[in-house]
2 protein chains.
Amino acid sequence: MTTKTLSAELLHKMDGYWRAANYLSVGQIYLFDNPLLKRPLTLDHIKPRLLGHWGTTPGLNFIYVHLNRIITEFDLSVIYIAGPGHGGPGMVANTYLEGTYSEVYPEVSQDEAGMQRLFKQFSFPGGIPSHVAPETPGSIHEGGELGYALSHAFGAVFDNPELLVACVVGDGEAETGPLATSWHSNKFLNPVHDGAVLPILHLNGYKIAGPTVLARIPHAELEALFTGYGYTPHFVEGDDPTEMHQRMAAALDAAVAEIKRIQADARANGFRLRPRWPMIILRSPKGWTGPISVDGKPTEGTFRSHQVPMGDMSHPGHVKILQEWLQSYRPQELFDPQGKLIAELAALAPTGLRRMGANPYANGGLLLHDLRLPDFRAYAVSVPTPGAVDAEATRVQGELIRDVIKINPANFRVFSPDETSSNRWGAVFEVTNRCSTAEILPGDEHVAPDGRVMEMLSEHQCEGWLEGYLLTGRHGFFSCYEAFIHIVDSMFNQHAKWLDVAGHIPWRRPIGSLNYLLSSHVWRQDHNGFSHQDPGFIDIVANKKAEIIRVYLPPDANTLLAVTDQCLRSRNFVNVVVAGKQPAPQWLDRDAAIAHCSA
Amino acid sequence: MTTKTLSAELLHKMDGYWRAANYLSVGQIYLFDNPLLKRPLTLDHIKPRLLGHWGTTPGLNFIYVHLNRIITEFDLSVIYIAGPGHGGPGMVANTYLEGTYSEVYPEVSQDEAGMQRLFKQFSFPGGIPSHVAPETPGSIHEGGELGYALSHAFGAVFDNPELLVACVVGDGEAETGPLATSWHSNKFLNPVHDGAVLPILHLNGYKIAGPTVLARIPHAELEALFTGYGYTPHFVEGDDPTEMHQRMAAALDAAVAEIKRIQADARANGFRLRPRWPMIILRSPKGWTGPISVDGKPTEGTFRSHQVPMGDMSHPGHVKILQEWLQSYRPQELFDPQGKLIAELAALAPTGLRRMGANPYANGGLLLHDLRLPDFRAYAVSVPTPGAVDAEATRVQGELIRDVIKINPANFRVFSPDETSSNRWGAVFEVTNRCSTAEILPGDEHVAPDGRVMEMLSEHQCEGWLEGYLLTGRHGFFSCYEAFIHIVDSMFNQHAKWLDVAGHIPWRRPIGSLNYLLSSHVWRQDHNGFSHQDPGFIDIVANKKAEIIRVYLPPDANTLLAVTDQCLRSRNFVNVVVAGKQPAPQWLDRDAAIAHCSA
Ligand SMILES: Cc1ncc(C[n+]2csc(CCOP(=O)(O)OP(=O)(O)O)c2C)c(N)n1
Ligand SMILES: Cc1ncc(C[n+]2csc(CCOP(=O)(O)OP(=O)(O)O)c2C)c(N)n1
């Protein structure tokens, strides 16, 4: 290995920064007291119940410090999505090191007392969750339920041309269905007006107890797979920190150069051909830098590092192993006696809003603009007497949506598993197209690389993209067959929880609501049969707190219009609108519908 | 193209058989009367409401006739899974042509009256669904909700060494998450004791209205992708039927030869290295052989063929197009005047149980053997007085499961997203391992190519594999964290519907129940935080008919044992068992627990 991207001095500093992050991560998992190890470690300093996931954390920290370098070196706007969000200690440690954590939580100050609080609060009654969560600055992705990291990442960069999302995908997570299809998001990304995603596949070899699929296929197969997905994979493999720093720095430099070239070309010359975006495959030991073995069993680089490498700390010798492990990071070189990161290392972090924990894209409400909304009354069906005329409600709604798309060309998109036309929103194709940056053939209708209708046959992708789009400060609508929305029950659940928690965090700003149109609903699915009949999503939704949820069952076109207007104005809600697409009698005239909806 | 796998005569006959299937498919979608076109077609012969999906159907039919050839040529036991199950007319047409349909539904006889019934019943009040469904002979897969075809296929062949599942995957379906990850099932397939899956990716270019991802990436990328997934792709591309018949026949011969070689080697020499299984990529026009254009718009080969290429049959000229379309198959050459397929063509179909519609693997209850069950009482925790002792209920259950695995070495497996140990079923690893046919490293624990614990970090895969395993006559248990079982809400729904419908079909035999252990449940997930808390799956389950569903909340280890025994004996149920893994007080002694459970 002869690449020398980093000077010896910079490498040494970056390694120090990484050690600091690792130290703080282990501290969060284990320590209750004695944060700077000023006294010999005893059982009293250790938490009674050990929680958290060490295994993924050193890798997440390694990536963080390397992203810090490219942010400052190339003046990039980057946010970090940690698919293995259970590596919460790492994200907390890094936002603490860069200063953002103490800015939002002043009691967790950058000194010994603050460090002790940082350690104590982690996964502790009244403290913070062990996962990356809404409470974590810089995060738009919880990662508790694995699978949605890349979908969120791509959703975040649509229409955010200057944003780069570094998205870490666990090799376990990569086995999930939603993640496996989300690699194809690159066929929907347009470098002219979208930002970039840099996926970093984190091959640390294990999920909880067993090996992962992608870590155990030959190198050539792995390379073929990601070439087939449309990426250029850059491999960073090894376990020697010095070599790995050089390799990672070189890979990131190459990736940034490719991204810049792609974007510069597209922005100067317009979209021509789907580019082959870079990605990084980081193969490093699970629990890297942790204890090599515990109780005679190999630990670093094995599944035994997944959660806490040593659980029972009263076991003879365990306190000593922990003490040596913590000391191996040489904290006294990293923190001053008051517990503050030494200036030379602190200087490595980006400053101000460039810090990943402070980047406003990760607190999308800060960037949110109201939609410009046409007067929905103008679309009303004339209803001389109740029941006198028939209309297809969603077709009428489609006209309103069309104009919302038209007058909000950069912060509103529509998402659907190819049911936009079927759900009768055909009017939108008067002003835009389906989005595809893959090959387009003459026989296609309404397909273009800058289309604002995002159609992939994956309810997971639609949901994940839209969530990412909303969480970074925009608006959207998901149009789906009612029967198949159950596919995203669990994603809906997680997003609703996010909104619930985020709504109580003062520094998190409200975001656009998650809007569903569910059509082709049960009562009209006789022809498609039993498999297409399922009104049960509402039950799932109704289980959530009323603060977050609105369910609408508008009986006709004019009420649907009023409801749609309400949804598009609302914040921090999940709005579920169930409406018919078949011709049906109309009941309320314009004004009656408005009165009905504001009742 | 110079391959000449088929003699001119055989090719001609196979093309005739295909035309017959296509004719019957169009007939089902459109015709109400005049099935043999003995009279000029008029509007009166056409259904008032046109339903069904033409687009995918000619491709499904093409594959069926080609599979028929290899079944007879190589005496194979094959079942057909149609991912695009909305191509129901094709599967019905083919089982009718081979005779199985009339055997189970004698009123749909192989004559003119029967053909008329066949046409009329399709997607008609009181008739049959437009999708492949439990009513369809030869099917274990509905395909209404897309995404699970390959998971079902692999589940079906585990421990069925002589079975070959030909699994058609739609290119739209291939965009779903569950499908995208299910290609990796080949890392869990052991040719020593498992059968084979032959995936056939059906690239007909469109989903409902838009193009598909996989149809629009360069050939090299497509090849790399499937090489990366671990397959050898055989391409069959074109639209000229004669050439396509030769190509498909050659590809199938090659695939069968590879499968036989792989199996012969593994069965003679034991498992050595994960083989590179063959697959077929069939690129053919959507709505192949249908109207080239309708109302001046291109139809064959475009999204306009997805459902019915012509909806409004009262439109001038449409009846004529339909008449010409039907006549283009030259039905008078295919059926005798009484409406029976001519003998020369009928002879192409396999006979008896080799017919795909009659293969017993597709009616798994026929092959089902009761599990050999140890006496669960032998595992009971001794409970001298209620609350006097603590036990981890699922750990005790794990001992019972261990012995079920041990004494049922070929028809019981356990499925989990790597939560078997975490849910405290560690005892199973005393007698078996996690299954992996990918690389195994010295540091791994309990991983082997013949392990009976199926762990992939995909709840979708676990569910789909298990469903396929059950539907082909075996038994199993899915162990999952309670919070994440919502990921398969929709799959559970579809399976419950399948059981409901199948339970009322006289020729479908009862199958093993779908058993869930949900542990790590909400009350003990404080440390993992909000994202891991969700007891809502029970609500979903409770919405289903009581005929199919059992929910168990056993309060302690001994009741859990009794419940587990009940689940493993039951048929045609979904059993949801929610149980704790943490040490908890025990309430019922052995006999009280049994009494409690039989109450
Ligand atoms: C959908 C889902 N299923 C199961 C789990 C339980 N779980 C938590 S961590 C983990 C393993 C994750 O492996 P990987 O993504 O490789 O992360 P890392 O090894 O870096 O921790 C599992 C299965 C989960 N969080 N989400
Ligand atoms: C999960 C799911 N989402 C949406 C649909 C609605 N739908 C029915 S058919 C279809 C397109 C299927 O495309 P493909 O798999 O390529 O089949 P083919 O083109 O051969 O009909 C869609 C989106 C569905 N059936 N299942």
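The values are calculated or read from the model by the stated rules, or taken from the named source; none is laboratory data. Note that the coordinates shown come from a computational prediction; the quantities given were computed from them, not determined experimentally. Quick reminder, even Gly has a Cβ in these numbers, built from the backbone with ideal geometry, and neighbours come from all protein chains shown.
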Inset, instruction - Please work out which residue is nearest to the chain's Cα centre (by Cα), limiting yourself to the range B:300-331 and to residues that are hydroxyl-bearing (Ser, Thr, Tyr) and either closer than 27 Å to B:Gly172 by Cα or buried (at least 19 other Cβ atoms within 10 Å of the Cβ) (or both). - result: B:Ser305
Legend entry - Unmet requirement for A:Glu419, which otherwise passes all of (1) surrounded by 24 or more Cβ atoms within 10 Å (Cβ to Cβ); (2) within 27 Å of A:Pro161 (Cα to Cα); (3) acidic (Asp, Glu): (2)
Inset, instruction - Look through B:Pro106, B:Pro125 and report the one residue that is farther than 18 Å from B:Lys497 by Cα, away from ligand 2 (no atom under 16 Å from the Cβ), of a type outside the set (A, V, I, L, M, F, W, C) and within 14 Å of chain A (Cβ to nearest Cβ). - result: B:Pro125
Inset, instruction - With the condition kept exactly as written, say whether any residue in the range A:74-81 is in a loop (DSSP other than H, G, I, E, B) and either modelled with pLDDT under 95 or at negative phi (or both). - result: yes
Inset, instruction - Among the residues of the range A:13-32, write down those that are under 24 Å from A:Phe235 (Cβ atoms) and of a type outside the set (Ser, Thr, Tyr). - result: A:Met14, A:Asp15, A:Trp18, A:Ala21, A:Asn22
Inset, instruction - Please work out if A:Glu142 is surrounded by fewer than 24 Cβ atoms within 10 Å (Cβ to Cβ) and among the acidic types (Asp, Glu). - result: no
Legend entry - Failed criterion for A:Leu568 (all others in (1) surrounded by fewer than 23 Cβ atoms within 10 Å (Cβ to Cβ); (2) farther than 18 Å from A:Ser520 by Cβ hold): (1)
Inset, instruction - Answer yes or no: is there a residue in the range A:173-181 that is modelled with pLDDT of 95 or more, touching a strand residue (DSSP E or B) at 6+ places or on another chain (Cβ under 8 Å) and among the small types (Gly, Ala, Ser). - result: yes
Inset, instruction - Sort out which residues of the range A:142-178 are closer than 28 Å to B:Met491 by Cα and more than 13 Å from ligand 1 (Cβ to nearest atom), and write them in order of number. - result: A:Ser151, A:His152, A:Ala153, A:Phe154, A:Gly155
Inset, instruction - Look at the range B:443-454 and say how many of its residues are facing chain A (nearest Cβ under 9 Å) and either polar (S, T, N, Q) or free of Cβ contacts under 8 Å to residues at least 40 places away in the same chain (or both). - result: 5
Inset, instruction - For the range A:461-468, state whether one or more residues are facing chain B (nearest Cβ under 9 Å) and in contact (Cβ under 8 Å) with a residue 40 or more places away in the chain. - result: yes
Inset, instruction - Answer yes if at least one residue in the range B:150-173 is away from ligand 2 (no atom under 16 Å from the Cβ) and closer than 24 Å to A:Ser436 by Cα, and no otherwise. - result: no
Legend entry - Exclusive hit being surrounded by 19 or more Cβ atoms within 10 Å (Cβ to Cβ) and β-branched (Val, Ile, Thr), set A:Ile217, A:Ile262: A:Ile217
Inset, instruction - Would you mind telling me which numbered condition in (1) outside any loop (DSSP other than H, G, I, E, B); (2) modelled with pLDDT under 95 A:Gly143 fails? - result: (1)
Inset, instruction - Give the number of residues within the range A:111-133 that are assigned to a loop (DSSP other than H, G, I, E, B) and either buried (at least 20 other Cβ atoms within 10 Å of the Cβ) or under 11 Å from the mean Cα position of the chain (by Cα) (or both). - result: 6
Inset, instruction - Would you check which residues across the range A:23-53 are among the hydrophobic types (A, V, I, L, M, F, W, C), outside any helix (DSSP H, G or I) and within 17 Å of A:Ser314 (Cα to Cα) and list them? - result: A:Leu31, A:Phe32, A:Leu41, A:Ile46, A:Leu50, A:Leu51
Inset, instruction - Go through the range B:478-519 and give me each residue that's polar (S, T, N, Q), in a helix (DSSP H, G or I) and either under 18 Å from B:Asn160 (Cα atoms) or away from ligand 1 (no atom under 16 Å from the Cβ) (or both). - result: B:Asn493, B:Gln494
Inset, instruction - Report, ordered by the first and then the second residue, all pairs with beta carbons closer than 6 Å, sequence separation of six or more or different chains, a first member in the range A:286-305 that is within 14 Å of chain B (Cβ to nearest Cβ), and a second member that is in a strand (DSSP E or B). - result: A:Lys286/A:Tyr206; A:Thr299/A:Ser293; A:Phe303/A:Tyr206
Inset, instruction - State which residue is farthest from B:Glu459 (Cα to Cα) when the search covers only the range B:385-423 and only residues that are within 12 Å of another protein chain (Cβ to nearest Cβ) and touching an Asp or Glu at 6+ places or on another chain (Cβ under 6 Å). - result: B:Asp418
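Conditions tested, residue by residue: (1) of a type in the set (Asp, Glu); (2) within 30 Å of B:Asp265 (Cβ to Cβ); (3) in the same structural domain as B:Ile63 (by the TED database); (4) in contact with a Cys (Cβ under 8 Å, 6 or more places away or on another chain).
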| site | (1), (2), (3), (4) |
| --- | --- |
| B:Leu179 | no, yes, yes, no |
| B:Lys187 | no, yes, yes, no |
| B:Asp194 | yes, yes, yes, no |
| B:Gly205 | no, no, yes, no |
| B:Ile208 | no, no, yes, no |
| B:Pro211 | no, no, yes, no |
| B:Thr227 | no, yes, yes, no |
Legend entry - B:Ala8 hydrophobic (A, V, I, L, M, F, W, C) and not assigned by the TED database to the domain that holds B:Pro316: yes
